[in-house]
């Protein structure tokens with residue numbers, strides 16, 4: 001009876017996600033590399049023109065994804081936490097889209113000066 005009781009309690013214990021140090025070093029190296037890539041992309045901001053922001057946001061999204069997956073352990077977590085994080089990003093995108101639509105729909109005013 002005691003063995004069955006202990007077996008049920010073992011299922012409810014939270015086990016930490018133990019990851020090898022080499023994985024953290026690889027992800028950290030990738031984050032440093034992407035940071036350097038961001039600085040290099042900034043050097044070419046005139047050549048990139050309108051795509052400058054798109055490149056910067058793309059690199060930032062990749063870095064955020066690495067941090068979420070590996071350092072915040074979403075890769076090993078359950079799907080409910082992934083849905084919660086994804087809903088936060090969804091509402092951030094909705095907020096940004098409303099801002100873009102608001103700015104794009106404004107009437108152009110010419111200064112009398």
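The values are calculated or read from the model by the stated rules, or taken from the named source; none is laboratory data. Everything numeric here is computed off the predicted structure, so don't read it as measured data. FYI the Cβ positions are ideal-geometry reconstructions off the backbone, even for glycines, and counts take in every protein chain you see.
Of the residues making up region 19-52, those that are under 25 Å from residue 73 (Cα atoms) and outside any helix (DSSP H, G or I) number 2. Close Cβ contacts (under 6 Å, 6 or more residues apart or on different chains) running from residues in region 77-104 that are under 26 Å from residue 19 (Cα atoms) to residues that are at pLDDT below 90 comprise 82/74.
Conditions (1) farther than 24 Å from residue 24 by Cα; (2) more than 12 Å from the chain's Cα centre (by Cα); (3) modelled with pLDDT of 90 or more; (4) not in a helix (DSSP H, G or I), marked per residue:
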| residue | (1), (2), (3), (4) |
| --- | --- |
| 54 | yes, yes, yes, no |
| 63 | no, no, yes, no |
| 75 | no, yes, no, yes |
| 82 | no, no, no, no |
| 88 | yes, no, yes, no |
| 93 | yes, yes, yes, no |
| 98 | yes, yes, yes, no |
| 109 | yes, yes, no, yes |
